[in-house]
Amino acid sequence: MADVRGKNNYKIVLLGEGRVGKTSLVLRYVNNTFSDKQQTTIQASFLSKRINIGENTCNLAIWDTAGQERFHALGPIYYRDADGALLVYDTTDTESFAKVKNWVKELRKMVGQEIVLCIAGNKIDLDKERQVEKSEAEEYAASVGAYHFQTSAKLGKGIEETFLALAKKMIEQRQENDSRQSARRSGGNAPILVVADDTSNGGSGAASGSKACNC
Amino acid sequence: MNALEEYKVQRTVHKVLFQGIPPSLRGTAWMVAIGNKKGIDINDFCTYDARARDLHSAIALQDKKAMESMLLDGKHQSAGETGARTTENDDTAQSQSDSILTNFIQVRLDLIRTLPRLKIFSEGGSYTENLRRVLEAFVLYDPGMGYVQGMGSIAGVLLLHTSLEETFVSFINILDNQLFQNLFHMNMGRIHSYLMAFKVFLAKHLPKVYAHISRVKIDLKLFLLEWWMTLFTSFLRFDTVCHLWDILFFEGVGSLVSISIAILKSISAKLLDADFEGLLFILTHMESMELDPERILQSSREIPRISSQDFHELADKMFEELEKRQHSSGFENSAELDDPRVIGRDLMGRFGQRVRVSNGIPCQGPGTVTQVHHGSTAMVVWDTGITQNMRIGKGGEYWLREMPAQLDPFFSL
């Protein structure tokens, strides 16, 4: 049985306005490919990548979502039980940066503090057309406790770093949660309570989680 | 026409559909099949197209007033006449005008990302320009729905077969049914009921794949919306798409179901072999699956025709069920277990567990536990496609019992 929330599985969701380069970022990261004419993402698509961090191998389950506002109704399906979110904007488009801020608000409200946030300013190869200053974005990211990276899917810049930082932080976050939970458990009559306590870790995998939100 | 003749005609239509309409006749045939229930005049396109053009010049001149008056034009007439214009109305109108502009921007962004493998909708190409005009005219025709990603590829394929004006008429009429209205409006409740109805057909015609997908807990929402909202254009070869559309337009929305099942069937070996992540990858990357058009067409031939009426009726029934469950005393929030450890031992962590009802609630037959909510309830998808939130047990008494393997039709597959 597939358990996406297994020990070394981490779920990442990519969010951001249409055509900022979410799909291109993922494809560059996972397959090291790039196309100028990437088909519009309808709904969302799934990719996974195995990476080594120190001694650990972990599996990143990555959901690349559609950018158009209308598809936000589906948002919770993808971010509900995500360990991390990569919020992408286009450095040549101020509007797309404003959308990132909306996503941060929504995620903090709906998912809380536990989800690791990382903001990526993509298309730095188009530096001449830049509208969003790096310092401004960095300042904002710091203020909401998110990482910030500048990327170019076209040139393959900054992407490894982005995902690596995200992965490291997700691992750290999970370890923290685990130790907090075991602290709560210790002294109790453990084995049974462990299972009963474990709803959030049990089976709310990417897809099954979505079944609960047929709102 | 007597029954025999009628039968013969039907047989012929059927045969033609399965051989595929000759490409030279396709545009005309589609127009006939799609029809024009909405009564769109062939000249209507020009009206909306002209309005879009005016809007663009106002945008270019940054003439905000002109833009607004154009966008609000016609929408306020009834309110204006009765003098009942309120701030609330103004706000709605304002947000609608904003959304029209946002739609226009999105249309532009998506143009060259439409059907990229065809290499027809390229920067500055004439087809690209026409696609933009059709989509923008549609946004003005139905601002409530507006442009939704996915529409471009439908309009795009139409444009390759019919004129601009005809494409506009056909496009509006294709979207003129409950399923597409709900899909493109993203009415999640309704969409859910369609997916539940789909499940019933899937379980019937492709039981192994259905069982596997349910057991691994893949939510159909994760891929079917894209398949349907693009009418399969996002991953199938152009000629296959056209051939399937022949069937779709003549037989109606019900054939979306049979075609989807046929597509799943054509790759069933791969699907049955895949685990959770593998399935998610396959189903959201169908374009890389080397689909065999012949097999898809062959499979769609083998599945008995599913009428649109049956599909809609079943979905409606599912929707009523859903509503009823939501309004009934609310299992989801009320039940607290006397002893949560019971759950922990028995069902927690056993998602995909096959179960049946042991007492109480009207039984839907065997089903699969898809999720155990914190403490007290579980979500069960019955094999009939109904999803139910159920209390699992109280005071040690179970509502759901594990089902003995030999009674479970899917267990031994």
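With respect to B:Asn187, is the statement that it is out of contact with any Pro (no Cβ under 9 Å at 6 or more places or on another chain) and in contact (Cβ under 8 Å) with a residue 60 or more places away in the chain true?
So B:Asn187 does not fit the description; no.
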query = A:Gln175 versus (1) at pLDDT below 95; (2) surrounded by 14 or more Cβ atoms within 10 Å (Cβ to Cβ): which is the lone unmet condition?
reply = (2)
task = Filter region B:215-232 for residues that are over 14 Å from A:Thr41 (Cα atoms), touching a residue at least 60 places away in the same chain (Cβ under 8 Å) and within 7 Å of chain A (Cβ to nearest Cβ) and give the result.
result = B:Val216, B:Lys217, B:Ile218
query = Just checking, which of B:Ser78, B:Ser69, B:Ser95 is within 14 Å of chain A (Cβ to nearest Cβ) and either over 20 Å from A:Gly18 (Cα atoms) or at pLDDT below 90 (or both)?
reply = B:Ser95
ask   = Is it the case that some residue within region B:263-270 is within 14 Å of chain A (Cβ to nearest Cβ), modelled with pLDDT of 95 or more and closer than 20 Å to B:Leu195 by Cβ?
value = no
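Of all helices (runs of 4 or more DSSP H) completely enclosed by region B:98-182, which ones contain at least 3 residues that are within 12 Å of chain A (Cβ to nearest Cβ)?
On the way: elements: B:126-141, B:151-159, B:164-174.
Correct list: B:151-159.
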task = Evaluate region A:25-33: report whether one residue or more is within 12 Å of chain B (Cβ to nearest Cβ), within 29 Å of B:Met151 (Cβ to Cβ) and under 14 Å from the mean Cα position of the chain (by Cα).
result = yes
key: Subset of region A:47-71 that is within 10 Å of another protein chain (Cβ to nearest Cβ) and charged (D, E, K, R) - its residue that is farthest from B:Met188 (Cα to Cα)   = A:Asp64
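The values are calculated or read from the model by the stated rules, or taken from the named source; none is laboratory data. As the structure is a computational prediction, the values presented were derived from the model and not from experiment. Every residue, glycine as well, gets a Cβ built from its backbone with ideal geometry; the counts of neighbours run over all protein chains shown.
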